[in-house]
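Step one of this worksheet: look at the structure below.
The values are calculated or read from the model by the stated rules, or taken from the named source; none is laboratory data. None of these values were measured; they are calculated from a predicted model. Note that each Cβ is placed from the backbone with ideal geometry, even for glycine, and that neighbours are counted across all protein chains shown. To get the accessible areas, we keep the full protein, side chains included, count just its heavy atoms, and leave off ligands, DNA and RNA. Shrake-Rupley method; radii C 1.70, N 1.55, O 1.52, S 1.80 Å.
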Amino acid sequence: MTAPVVTIDGPSGSGKGTTARLTAAMLGFHLLDSGAIYRILGLAALDRGVDLQDAHALCALAAGLELAFPYDQHTTQIELDGRNIAGSLRNQDVADAASQVAVHPEVREALMSLQRSQVKAPGLVGDGRDLGTVVFPDATLKIFLDASAAVRADRRYLELIESGQTVERSAILRDLEIRDIRDRTRTVAPLVAADDAYVIDSSEKTPADVLAVVRDLCRAKGLMQ
Ligand code: DC
């Protein structure tokens with residue numbers, strides 16, 4: 001591996017996105033939001049009426065997409081067909097489509113090199129489901145963030161309300177549990193902590209608390225002083 005990689009995997013709402021962003025800023029590393037890649041493909045499939053069960057058609061869609069992936073901590077623009085889709089990526093229907101396209105092994109394989117190509121000096125922090133287990137098995141530091149379903153649903157609810165969406169908390173919890181089951185039980189690259197991952201339960205922790213744990217781990221791995 002050319003540059004150090006820190007992976008932060010975990011279920012939706014565990015705080016991995018926030019932790020990844022803060023960790024990347026702390027280390028001065030690049031940031032990879034791998035969920036956004038699956039969301040972009042899910043959104044494109046919904047837009048173009050591609051069947052979410054049709055792995056072959058989804059791979060063709062992925063290959064044809066301009067997925068020059070600019071999703072860095074400095075970027076709020078993600079364009080699909082000339083339209084800024086950064087806002088739509090967080091929608092529930094897109095999250096659900098992302099989880100469905102992510103089930104197909106062929107689709108995951110098609111998106112692998114795009115994710116690996118994001119490793120650049122001085123280093124990369126990536127968050128997702130299988131970064132420590134499949135995409136970057138040799139990562140310098142692997143973290144698995146978890147939290148109770150109720151806490152994760154509350155976080156997602158607040159995030160969506162703050163972004164101006166009208167949502168029901170009970171619907172969020174139900175969607176989250178459906179997605180959890182799909183992500184954890186799929187046959188390829190299921191959501192699971194790598195054997196050598198440090199597991200952090202963020203249910204009772206603030207982002208600053210989690211970052212403090214991550215900071216100690218980064219120091220122990222020689223990633224910072
Ligand atoms: O992290 P997120 O909520 O943005 O991810 C959206 C979906 O994408 C998630 O339900 C499962 C899928 N995903 C995946 O299978 N592997 C990843 N590394 C990241 C996301």
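Net charge near G17, counting Lys/Arg +1 and Asp/Glu -1 over other residues with Cβ under 9 Å of its Cβ?
0
Cross-link partners among aspartates and glutamates for K142, C-alpha distance below 18 Å, same-chain residues fewer than 8 apart left out?
List returned: D9, D33, D127, D130, D195, D196, D201, D209, D216.
Net charge near L46, counting Lys/Arg +1 and Asp/Glu -1 over other residues with Cβ under 15 Å of its Cβ?
On the way: positive: R39, R48, R83, R90; negative: D47, D51, D54, D81, D93, D96.
Taking every other residue near L46 into account, the sum is -2.
Order these peptides, 213-223, 2-12, by their mean beta-carbon neighbour count within 10 angstrom, highest first.
Working: 213-223: 15.6, 2-12: 22.6.
Ranked by mean Cβ neighbours within 10 Å, highest first: 2-12, 213-223.
Considering only V134, A212, A86, whose Cα is most displaced toward the positive end of the charge dipole of the range 73-225, charges sitting on Cβ of Lys, Arg (+1) and Asp, Glu (-1)?
A212
Please arrange S99, S203, S163 by accessible surface area, largest first, computed with a 1.4 Å probe and ligands excluded.
S163, S203, S99
Return the calculated 222 nm mean residue ellipticity for the chain, to the nearest 500 deg cm²/dmol, obtained by summing -39500 (n - 2.57) across DSSP H runs with n ≥ 4 and dividing by the residue count.
On the way: 9 runs with 103 residues, N = 225.
Rounded to the nearest 500, the figure is -14000 deg cm²/dmol.
Can you give me the C-alpha center-to-center distance between the range 125-190 and the range 1-15, rounded to a whole angstrom?
Here the two parts' Cα centres lie 12 Å apart.
What is the set of long-range amide H partners of D146 at a cut-off below 5 Å, with H atoms built 1.01 Å from backbone N?
When sequence neighbours closer than 5 places are left aside, the close amide H contacts are I200, D201, S202.
Could you sort K120, K16 by their accessible area in this structure, using a 1.4 Å probe and putting the largest first? The partial results should precede the final answer.
Numbers: K120 95, K16 20 Å².
From most exposed to least exposed: K120, K16.
Summarise the accessible area of the chain (1.4 Å probe, protein heavy atoms) by the percent that is carbon and sulfur.
Values: 5420 of 10400 Å².
Its accessible area is 52 percent carbon and sulfur atoms.
Using a 1.4 Å probe on the protein heavy atoms only, what accessible surface does E106 show? Give it in Å² to the nearest 10.
Its accessible surface works out to 100 Å², give or take rounding.
With an 8 Å Cα cut-off and a minimum separation of 6 or more residues, compute the relative contact order for the chain in percent.
Values: 352 pairs, mean separation 76.3, N = 225.
With pairs under 8 Å counted, the relative contact order is 34 percent.
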